[in-house]
Amino acid sequence: KNEVEQSPQNLTAQEGEFITINCSYSVGISALHWLQQHPGGGIVSLFMLSSGKKKHGRLIATINIQEKHSSLHITASHPRDSAVYICAVSGGDKLIFGTGTLLAVQP
Amino acid sequence: KAGVTQTPRYLIKTRGQQVTLSCSPISGHRSVSWYQQTPGQGLQFLFEYFSETQRNKGNFPGRFSGRQFSNSRSEMNVSTLELGDSALYLCASSLGAGDPLENEQFFGPGTRLTVL
């Protein structure tokens, strides 16, 4: 069993829909990162959080330390949100990555 | 402010050769981390350098090594290349205050290495 699990693995949505991507982890962590990777490889850090909730534009990230679970929400989704979303946790001396969620937003 | 740069962007090598990849962090960032991304294994953490010292290390064989210079630029070396080393190699920089892995990571565009 992977130490960081993401769901769903693939997600197709219609433009304007509310999207949720989930991340569960089994190790003790000091921080959790949400990353976005577009085709071609470039990775952008969306959020880093260790408690509570953060919001940036249409993106919201939450984390529940007790339940070892985090969610990334996208409101009013747009085709430009199509990308792979990756959850990563800082566990001790290394970053551990989830396998990613491939999101396709159709116009 | 310029972003993280990596050179070269693409590289083709043959088995048994060695390769050196370079990463220049954002000005003022003192921590540089390296990652390997493959279709089968996804993203994996290689190592992290801070002030010229390796502070964190992932589970990779000793063929993978790195170093960091006084200007925070970092190089990664892979010796005796194997077919399985074909991957996208990404570096990321962060300010590095406290635990670098608890800082926001700024990624470079990556170097795509193909081993034939």
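Taking both sides together, what accessible area is buried at the A/B interface, probe 1.4 Å, expressed in Å² and rounded to the nearest 100? For chain A against chain B, roughly 1500 Å² becomes buried. Both radii were evaluated on the Cα set of chain B; the Rg over Rh quotient, with Rh as the Kirkwood radius, amounts to 0.95. Computed about its Cα centre, the charge dipole of the protein assembly as shown is approximately 400 debye, with only Lys, Arg, Asp and Glu carrying charge at their Cβ.
Split the accessible area of the range B:26-80 by element, probe 1.4 Å, and carbon with sulfur accounts for 43%.
Note on the range B:19-116: dipole from Cβ charges, positive end direction compared against B:G108, B:S74, B:L95; the farthest Cα belongs to B:S74. Sorting B:72-84, B:41-53 by their mean Cβ neighbour count within 10 Å, with the most densely packed peptide first, gives B:41-53, B:72-84. Put simply, the convex hull of the Cα atoms in the protein assembly as shown casts, on average, a shadow of 12.3 nm². Kindly count the pairs of lysines across the protein assembly as shown whose alpha carbons are less than 17 Å apart, treating pairs on different chains or eight or more residues apart as eligible. Count of close lysine pairs: 4. Dipole of the protein assembly as shown computed with +1 at Lys/Arg Cβ and -1 at Asp/Glu Cβ about the Cα centre; of A:P79, A:V89, B:Q54, farthest Cα towards the positive end is B:Q54. Within the range A:7-65, the chymotrypsin sites (Phe, Trp or Tyr not before Pro) that combine a DSSP coil assignment with at most 13 other C-beta atoms in a 10 angstrom radius are A:F18. Taking all protein chains into account, the per residue accessible area for the protein assembly as shown stands at 46 Å² (1.4 Å probe).
In the range A:1-62, taking the dipole from charged Cβ atoms about the Cα centre, the farthest positive-side position among A:N2, A:G42, A:G57 is held by A:G57.
The values are calculated or read from the model by the stated rules, or taken from the named source; none is laboratory data. Quantities reported herein were computed from a predicted structural model and do not represent experimental measurements. So basically every Cβ, Gly included, is an ideal-geometry build from the backbone, and we count neighbours across all protein chains shown. Remember, those area values only see protein heavy atoms, side chains included, never the ligands or the DNA or RNA. Shrake-Rupley method; radii C 1.70, N 1.55, O 1.52, S 1.80 Å.
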